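Reading through the structure tokens given below for one structure.
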Amino acid sequence: QVQLVDSGGGEVQAGGSLTLSCTASGRTFASYTVAWFRQVPGKDRDFVAAVSWSKSSTYYSDSVKDRFTISRDNAKNTAWLQMNSLKPEDTAEYYCAVTRESYGNTWHGNYDFWGQGTQVIVSS
């Protein structure tokens, strides 16, 4: 069992930056792939980015590639999503999640444990 707590959301103007944090409890965090998803009301939860358990591999959706950076520190049981050059279309509830599957998994159904979400609002 892994418990995840998301934080760091807020409101920012277009072009600005935010860093989201995902803090995990449990000693097995290091063995999981960590990902961030986002969701807007009435739509499905979309994959944003993932990092492998070893930190050596990352994967991004096309919509955030070159703007967002995912990272993790297994010693701190924490993962981050650095978001730069934010756009109004990045507005969503952001969730971190973990899976024992490969970091290339983009379907939310493959993820076992989820944070509670943190709201990001990007104003134009």
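Could you grab me the full set of residues in the stretch 1-19 that are among the hydrophobic types (A, V, I, L, M, F, W, C) and under 12 Å from Asn84 (Cβ atoms)?
The answer is Val12, Ala14, Leu18.
Count, please, the residues in the stretch 103-124 that happen to be closer than 21 Å to Ser25 by Cα and touching a residue at least 24 places away in the same chain (Cβ under 8 Å).
Residues that pass the stated criteria total 10.
Kindly indicate whether any position in the stretch 100-115 is farther than 11 Å from Thr33 by Cβ, among the small types (Gly, Ala, Ser) and exposed (fewer than 13 other Cβ atoms within 10 Å of the Cβ).
For the stretch 100-115, residues farther than 11 Å from Thr33 by Cβ, among the small types (Gly, Ala, Ser) and exposed (fewer than 13 other Cβ atoms within 10 Å of the Cβ): present.
Quickly run through the stretch 18-54 and pick out the residues that are under 19 Å from Ser102 (Cα atoms), crowded, with 16+ Cβ neighbours inside 10 Å and hydroxyl-bearing (Ser, Thr, Tyr).
Residues satisfying the conditions are Tyr32, Thr33, Ser52.
Conditions tested, residue by residue: (1) modelled with pLDDT under 95; (2) open to solvent by less than 30 Å² (accessible area, probe 1.4 Å); (3) out of contact with any Gly (no Cβ under 8 Å at 6 or more places or on another chain).
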residue: Val5; (1), (2), (3): no, no, no
residue: Asn84; (1), (2), (3): no, no, yes
residue: Glu89; (1), (2), (3): no, no, yes
residue: Ala92; (1), (2), (3): no, yes, yes
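For Ser25, which of the numbered conditions (1) in contact with a Leu (Cβ under 9 Å, 6 or more places away or on another chain); (2) closer than 18 Å to Val120 by Cβ fails to hold?
Condition (2) is where Ser25 drops out.
Within the stretch 7-32, count every residue that is in a strand (DSSP E or B) and either aliphatic (A, V, I, L, M) or modelled with pLDDT of 95 or more (or both).
Matching residues across the stretch 7-32 total 12.
Give the residue that is most open to solvent (accessible area, probe 1.4 Å), with candidates limited to residues of the stretch 55-65 that are assigned to a loop (DSSP other than H, G, I, E, B) and of a type in the set (S, T, N, Q).
Across the stretch 55-65, the extreme among qualifying residues is Ser56.
The values are calculated or read from the model by the stated rules, or taken from the named source; none is laboratory data. The shown structure was predicted, so the numbers you read here are calculated from the model rather than taken from an experiment. Because the Cβ atoms are built from the backbone with ideal geometry, glycine has one as well, and the counts that use them run over all protein chains shown. All accessible areas refer to the heavy atoms of the entire protein, side chains included, with ligands and DNA or RNA removed. Shrake-Rupley method; radii C 1.70, N 1.55, O 1.52, S 1.80 Å.
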